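The values are calculated or read from the model by the stated rules, or taken from the named source; none is laboratory data. Nothing here was measured: the structure is a model prediction, and the numbers come from that model. Here the Cβ positions follow ideal geometry from the backbone for every residue, glycine too, while neighbour counts run over all protein chains shown. Note: areas computed on protein heavy atoms with side chains; ligands, DNA, RNA excluded. Shrake-Rupley method; radii C 1.70, N 1.55, O 1.52, S 1.80 Å.
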Amino acid sequence: MAENNRPGAIRKKKKGPLKGTGGHGRKSLEGKGPTPKAEDRPYHKAHKAKKLAARHQRSAGPARQQRLGGRRTSEELVTGRNAVLEALRTDIPAKHIFVMANIEADDRIREILATVTRRDIPALEITRSEIERLTEGAVHQGVALQIPPYKYPDAGDLTSSILEKWHAGKMEKPPLFVALDGITDPRNLGAIIRSVSAFSGQAVIVPERRAAGVTASAWKTSAGAVSRVPVAKATNLNRVIDQLKEQGVFVVGLDGDGDVQLPALGLATEPLCVVVGSEGKGLSRLTAEKCDQIVSIPIDSSMESLNASLAAGIALYEVSRLRGQAEGQR
């Protein structure tokens, strides 16, 4: 008989589990598989962000999804608080506005949100990474407005209607136009539009081909001035210049080798069209021949030339100054 079976013997217990008990917790030892991704865990903030992004894509429609996929659509995005606010103030037919989550609101943002609410423009809140991807690196300040393509009026029709108002005595100052000959950078176009707006110009004329158009970049650089100054397209710029001259408008071209320096511009008080050439080539030969005068801006001899938009701004300021001086002498 074994010792443990003897009457009165004390039975010792072994430490740890008895033989064969390891399988009792087999299911618990199997676990639940690999840890799900953060965006697939319902309680994680990444999951909520994923659902929000999906809802935004469904709301914005195919054009929005194509944009996020890296392909441009016919819609343009106006970015930046000033540009977006100016666009909304002119009742531009906006399609959507995208606002970054947790944006720091100032007076501009509050007015933007109040305006889109009043006009019933869909407002979509998106993450910082999404708005940066949407705006493709542009400075957005947490807000972007999706707008349809810019509608260009015909240059001949627009200038004729403005000149009719002038001849009918409905304008206080003579008409002032700016025509662009070979400007291909939309940022230059936007800066010129801003100067035209600042110095009481009526319109900007651009050729139909080989010229910058009103893109989101132009909107941004103009700080919303595109909404106040129409940009007209000319099928043939030289033909429009001829038409302007027939209607009593004097045409002056900006060039470093001009025969008249800007401060001596006697035509400033007349109906005027200032033609700005490209930085590299300047005015084209035929366009320069059609100008009544070629005007230069006096600069330091060590400086070869000025940026096209800067030259336009200086010329428009001087025209405005000379007009104000002439009014003061009356």
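Modelled label positions at Thr90 and Ala114, each set 7 Å beyond Cα in the direction of Cβ, lie 2.2 nm from each other. Among 174-182, 251-259, 283-291, the peptide with the highest mean count of other Cβ atoms within 10 Å heads the list, and the full ranking is 174-182, 251-259, 283-291. Treating r as the C-beta distance of Ile299 and Ala198 and R0 as 25 Å, the FRET efficiency rounds to 0.75. On the accessible surface of the range 209-330, probed at 1.4 Å, how many percent belong to carbon and sulfur atoms? Carbon and sulfur together cover 47 percent of it.
Within the accessible surface of the range 100-195, defined with a 1.4 Å probe on protein heavy atoms only, the carbon and sulfur portion equals 48 percent.
Using the empirical formula 2.2 N^0.38 Å as the baseline, the Cα radius of gyration of the range 84-140 reaches a ratio of 1.11.
Taking amide hydrogens as placed 1.01 Å from N in the peptide plane, the amide H of Ala179 sits under 5 Å from those of Ile205, Val274, Val275, Val276, each at least 5 positions away in sequence or on another chain. Accessible surface calculations at 1.4 Å, restricted to protein heavy atoms, place the range 173-330 at 45 Å² per residue.
With a simple spin-label model that places each label point 7 Å from the Cα along the Cα-to-Cβ direction, the separation between Arg187 and Asp259 comes to 3.7 nm. Extension gain, Arg228 to Glu208: 0.36 nm times the residue separation minus the Cα-Cα distance gives 5.1 nm. With the whole protein complex present, Trp166 retains an accessible surface near 70 Å², based on a 1.4 Å probe. Inter-part distance, the range 185-236 to the range 278-293, computed on C-alpha centroids, equals 19 Å. Can you tell me the FRET efficiency between Ile314 and Glu39 if r is taken as the Cβ-Cβ distance and R0 is 41 Å, rounded to the nearest 0.05? Rounded to the nearest 0.05, the efficiency is 0.15. Using the Cβ-Cβ distance between Gln329 and Asp157 with R0 set to 56 Å, the FRET efficiency works out to roughly 0.95. Of Glu76, Glu327, Glu246, Glu164, the order by accessible heavy-atom surface (1.4 Å probe, DNA, RNA and ligands excluded), from most exposed downward, is Glu246, Glu164, Glu327, Glu76.
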